[in-house]
Amino acid sequence: MSTLTKVFVFLLAVFSIAFTSMTVSIVAQTTNWKDTAEKYREHARIADTSLRHAHAAYSAQLATARDDGKALSQRIAELEGRLSTGAGELAQVRSQLATLTAEKSGTEAMNRGLVAQLQSAEAARTEYRAQRDGLETRGLDLEQRNIELNTRVNELTAQVDVMLEQRRQYEQQINILRGENEALSMGSASARPAFESPAGVAQPDVVAMSPMPVRTVRGRVLELEGDLVTISVGTADGVRPGMLFVIHRNGMYIGDLKIEMADPNRSAGRIVRSSEKPKPGDAITDAASMASAQR
């Protein structure tokens, strides 16, 4: 029952009592007022009883309303607590939102910087590609020129080889002609004396006979096989079988070598006397030139 209904019932009871009193007062002035008074008294008791019941019901409803009010107050307090908690959470969320907004701004600025760097890198990449294409084109041109130059070098190398071979052949022919000229000269002249051994030999009493070279012949020892020694000069340099060479190392006498066979570019002979075993790399000089230099 609502409060308005309760007030309406209370007023109805009051009006009933007042009306009953007025009715009793009026009826009392008429005949048979006692009976009427008894009746109205009975009605008054009934009305009072009804009023008491209504008051009791109202009190019960008031107690219930008070309990409901207490419950509502507790609910309001609970809601206020939750509202305070929600306000705190809202403040925290707003703080987080502000932080996220700042981070978003920083991220957007960083993104713009990265986009600018990417654009720069793309421009540099485009320029690099253009340079690379230019370099590739230039490289192809250089490769083509290199191929042409290599072809030209090979042609010139072949020509040089041919010319060197022709030079060797001419030198061989010159040496042959000189040998023939020397043979003709020796045939018409008296016998030549034997050359003395060069200074520094191990056995000064041994005299080695050797053909006279046209010019001083110098070379190096290439290989040794027992007492057979291969040297780096040949008929193209004026070497002929029977020639005698002195082997020396750093100005020291090592031994004498007599040529037994000669090719255009190298010769071979045997050791006729020595102070120690020759080694590859030792210097050689024809004995006749050394003997002439000592005189």
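List of remarks:
- By the count of neighbouring beta-carbon atoms within 10 Å, fewest first, 232, 21 end up ordered 21, 232.
- Values of log10 I(q)/I(0), in the order q = 0.11, 0.19 Å⁻¹, for segment 1-140 under a Debye, Cα-only, solvent-free model: -0.77, -1.09
- Protection proxy ranking, highest mean first, for peptides 277-286, 56-65: 277-286, 56-65, where packing is the per-residue count of other beta-carbon atoms within 10 Å, averaged.
- With only the Cα atoms considered, segment 82-160 has a convex hull volume of 108 Å³ per residue.
- Scoring 252-259, 89-96 by mean Cβ neighbours within 10 Å over their residues and listing the highest first yields 252-259, 89-96.
- Segment residue 263..residue 56, full-extension length gain: 59.1 nm, with 0.36 nm per residue of separation and the alpha-carbon distance subtracted.
- From the alpha carbon centroid of segment 221-295 to that of segment 71-135 is 93 Å.
- Extension gain, residue 140 back to residue 227 (0.36 nm per residue minus Cα-Cα distance, nm): 25.5 nm
Bear in mind that the values in this text are calculations on the coordinates, not laboratory data. On a predicted model such as this, the values are computed, not experimentally measured, just so you know. Note: ideal-geometry Cβ built from the backbone for every residue, glycine included; neighbour counts use all protein chains shown.
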